[in-house]
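In what follows, a single structure is set out as structure tokens and then discussed.
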Amino acid sequence: MTNAEQLSILLVEDDSNLNMILKDFLELMNYRAVTASDGLAGLAIFRNQNIDLCILDVMLPKMDGFTLAQEIRKHNPNIPIIFLTAKSLKEDRLKGFQLGCDDYITKPFSTDELHLRIKAIMRRCIKQLQQQQEEKFQLGKFRFDAKNLLLHSDFGDQKLTRKEAALLKLLCEHKNQVLTRDEALHTIWGDNDYFIGRSMDVFIVKLRKYLREDPNVTISNVHGVGFKLEVKESKA
């Protein structure tokens with residue numbers, strides 16, 4: 001992850017006027033802005049250039065923003081993504097967060113708002129990566145390498161996304177204790193928006209799936225409060 005002055009941002013927006021305005025603004029804020037007007041062109045740029053953050057319109061020609069995000073995630077599961085949309089449908093926002101986006105901005109919006117969100121996202125990403133340095137946890141038969149986003153076991157290795165790793169790390173730090181939803185949401189997503197909360201539930205389901213091979217390691221719901229990572233120590 002680079003510092004703010006050197007941040008490379010991919011902007012994919014099919015509205016030529018908005019594309020130009022946002023590109024000029026991002027460059028004014030000392031970011032390196034690379035633009036595309038359709039999903040396929042955006043994907044080609046991402047594959048061939050070093051990109052630190054993506055800003056994707058949802059409604060794009062040739063490949064929509066959600067599909068583009070999925071393709072981008074195949075190449076880099078941890079790249080920060082902001083969706084832009086003219087829609088305010090709950091289903092779209094929920095889908096965006098379940099795809100692992102870091103933020104979702106509904107048009108019209110101010111350039112200052114976009115800049116503040118970019119800075120907030122990069123602060124969280126850098127903080128999460130710094131906190132994951134050289135940290136390893138033993139969870140029953142699993143060994144969680146937070147630095148390398150890997151869950152090791154005799155069953156095989158599972159590569160985690162940045163958010164999956166950040167959430168599992170937070171649960172590990174609260175092992176056999178309650179982790180409140182509010183703390184998890186604010187620490188990892190920076191907000192407790194309803195749609196982000198629904199997205200976090202999806203990530204919890206994914207973590208449970210990764211850990212299911214060891215019945216001594218479970219993530220339980222604490223109704224109305226949060227979650228608890230329970231690890232039963234095996235008796236020698």
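Structure data summary
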| quantity | calculated |
| --- | --- |
| Considering residues of segment 9-36 that are of a type in the set (Gly, Ala, Ser) and buried (at least 18 other Cβ atoms within 10 Å of the Cβ) only, the residue farthest from Asp64 (Cα to Cα) | Ala33 |
| Check on Leu56, at pLDDT 90 or above and within 18 Å of the chain's Cα centre (by Cα) | yes |
| Subset tally (residues that are within 24 Å of Ile126 (Cα to Cα), touching a helix residue (DSSP H, G or I) at 6+ places or on another chain (Cβ under 9 Å) and assigned to a helix (DSSP H, G or I)) for segment 1-21 | 1 |
| Test: residue in segment 75-87 that is touching a residue at least 40 places away in the same chain (Cβ under 8 Å), assigned to a helix (DSSP H, G or I) and aliphatic (A, V, I, L, M) | no |
| Residue list for segment 44-80, restricted to those being touching an Asp or Glu at 6+ places or on another chain (Cβ under 6 Å) and surrounded by fewer than 21 Cβ atoms within 10 Å (Cβ to Cβ) | Pro61, Lys62 |
| Residues of segment 183-210 that turn out to be more than 26 Å from His152 (Cα to Cα) and among the small types (Gly, Ala, Ser), as a count | 2 |
| All positions within segment 176-197 that are within 25 Å of Val231 (Cα to Cα) and aliphatic (A, V, I, L, M) | Val178, Leu179, Ala184, Leu185, Ile188 |
| Residue list for segment 191-220, filter: in contact with a helix residue (DSSP H, G or I) (Cβ under 8 Å, 6 or more places away or on another chain) and surrounded by fewer than 15 Cβ atoms within 10 Å (Cβ to Cβ) | Asp191, Asn192, Arg198, Val202 |
| Residue in segment 82-90 that is within 21 Å of Ile126 (Cα to Cα) and not acidic (Asp, Glu) present | yes |
| Criterion: within 17 Å of the chain's Cα centre (by Cα), more than 17 Å from Leu99 (Cα to Cα) and at pLDDT 90 or above - qualifying residue of Lys228, Lys206, Lys147, Lys169 | Lys169 |
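The values are calculated or read from the model by the stated rules, or taken from the named source; none is laboratory data. Just so we're clear, the structure is a prediction, and the values are computed from it rather than from any experiment. Backbone-built Cβ (ideal geometry, glycine too); neighbour counts: all protein chains shown.
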